[in-house]
Amino acid sequence: MFRPLSDRVFASPQISLDDVAAAAGQGIGLIVNNRPEGESEDQVSGAQIEAAARAAGLDYLAIPVTHAGFSEAQVKAMAAALAGTDKPVLAYCRSGTRSTLLWALAEASRGKSPHALSAAAAQAGYDVSPVRALMDMLAANVG
């Protein structure tokens, strides 16, 4: 269920409380919730996921992304989260797409190759073409 985007970052559709335990068992150290609260009636709340994560010894961070798109603050927050840990990271939203797009933007802002990021996302079953131009711009502005 957790799709690898890199050797230490995974994307997933909405996770359950049981998935938190599975993530801990797979060595995940940080769960990033990219889903806004109340997006659908059947989603597990961020507070419940956070409590389960902390009980399992995992870090938790919420960077909610709506369908309106991505802000500079969200990209910076994701980049800081990725840079701030050497532990494996699991990011989730409704389908995993927003998490993947935010990961790609954050990594491009840190100087990673947009081409390589696009290929990695495609390997995991995600399409980053909606943000590819922004990835190129972010990567070009590094340094």
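Every read-out reported here was derived from the displayed coordinates using simple, explicitly stated rules and does not represent laboratory data. Just so it is clear, the model here is predicted, and its values are computed rather than measured. Note that we place each Cβ from the backbone using ideal geometry, even for glycine, and neighbour counts take in every protein chain shown.
Provide the percentage of antiparallel DSSP beta bridges, counting only those with both residues in the chain; round to the nearest 5.
Percent antiparallel among DSSP bridges in the chain is about 15.
Using modelled amide H (1.01 Å from N, peptide plane; none on Pro or chain starts), what sits under 5 Å from the amide H of Gly96, excluding residues fewer than 5 places away?
Gln14
Note the angle between two axes, namely the Cα long axis of helix 46-55 and the longest principal axis of the Cα atoms of the chain, as a number of degrees from 0 to 90, rounded to the nearest 10.
70
Which is farthest toward the positive dipole end of the chain among Pro13, Gly46, Val131, measuring Cα position about the Cα centre, with Cβ charges +1 (Lys, Arg) and -1 (Asp, Glu)?
Farthest along the dipole direction, towards plus: Val131.
How large is the dipole of the chain about the Cα centre if only Lys and Arg carry +1 and Asp and Glu carry -1, each at its Cβ, rounded to the nearest 20 debye?
Here the chain has a charge dipole of around 360 debye.
Please tell me the relative contact order of the stretch 3-140 in percent, rounded to the nearest whole number, where contacts are Cα pairs under 8 Å and at least six residues apart.
About 31 percent, as a whole number.
What does the helix-only formula give at 222 nm for the chain: each DSSP H stretch with n ≥ 4 adding -39500 (n - 2.57), the total divided by the residues, and the result rounded to the nearest 500 deg cm²/dmol?
Dividing the helical sum by the residues of the chain leaves -13000 deg cm²/dmol.
Report the local net charge at Asn141: Lys and Arg +1, Asp and Glu -1, summed over other residues whose C-beta lies under 14 Å from its C-beta.
0
Taking the Cα-to-Cβ direction at Ala73 and at Gln123 and moving 7 Å from each Cα, how far apart do the two end points lie in nm?
Between Ala73 and Gln123, the simple spin-label model gives 3.4 nm.
Kindly put Glu72, Glu41, Glu107 in sequence by how many other C-beta atoms sit within 10 Å of each C-beta, fewest to most.
Listed from fewest to most nearby Cβ atoms, that is Glu41, Glu72, Glu107.
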